[in-house]
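The values are calculated or read from the model by the stated rules, or taken from the named source; none is laboratory data. Please read all numbers here as calculations on a predicted model, not as lab measurements. Glycine also receives a Cβ, built like all others from the backbone with ideal geometry; neighbour counts cover every protein chain displayed.
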Amino acid sequence: MNKRELIEAVSAGAGLERGVAAAALDAMVGAITGALVAGERVAIPGLGTFETRGRAARTGRNPQTGEPIEIPAGTAAAFRPGTALRQAVNA
């Protein structure tokens, strides 16, 4: 499912116009992104939790030359599905 299909599903499920559903989806994505940038967790009951996780610096290898390279530390977004979502997918 891509963004356009998700907007259509939200529009049909909530009885909203497509433009309103698109604005709501964009606002939700913006709010989650803003919270993650601020270092906050976002928990949505029935869906899961969005959070950031730190990655330590490490040594990798250039696949073309085999030469070792240093990969700097960073932060990554992560999603942990909730119980209801896990059960629905595994049903």
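Within the stretch 68-90, the residues that satisfy the criterion of being among the β-branched types (Val, Ile, Thr), more than 17 Å from the chain's Cα centre (by Cα) and part of a strand (DSSP E or B) are Ile69, Ile71. Taken together, Ala9, Ala21, Ala35 contain a single residue that is touching a helix residue (DSSP H, G or I) at 6+ places or on another chain (Cβ under 6 Å), at pLDDT 95 or above and not β-branched (Val, Ile, Thr), which is Ala21. Count of the stretch 1-43 residues, restricted to those that are of a type in the set (Gly, Ala, Ser), outside any helix (DSSP H, G or I) and within 21 Å of Phe79 (Cα to Cα), is 3. Phe79 meets the stated requirement of being aromatic (Phe, Trp, Tyr) and in contact with a Ser or Thr (Cβ under 8 Å, 6 or more places away or on another chain).
Surrounded by 10 or more Cβ atoms within 10 Å (Cβ to Cβ), touching a strand residue (DSSP E or B) at 6+ places or on another chain (Cβ under 6 Å), closer than 19 Å to Asn2 by Cα and of a type outside the set (Asp, Glu): does that describe Ile32?
Values: surrounded by 10 or more Cβ atoms within 10 Å (Cβ to Cβ): yes; touching a strand residue (DSSP E or B) at 6+ places or on another chain (Cβ under 6 Å): yes; closer than 19 Å to Asn2 by Cα: yes; of a type outside the set (Asp, Glu): yes.
Taking the combined requirement at face value, the residue satisfies it.
Considering only residues that are farther than 17 Å from Gly82 by Cβ and touching a Gly at 6+ places or on another chain (Cβ under 8 Å), which ones fall in the stretch 10-62? Result: Thr52, Gly54, Arg55.
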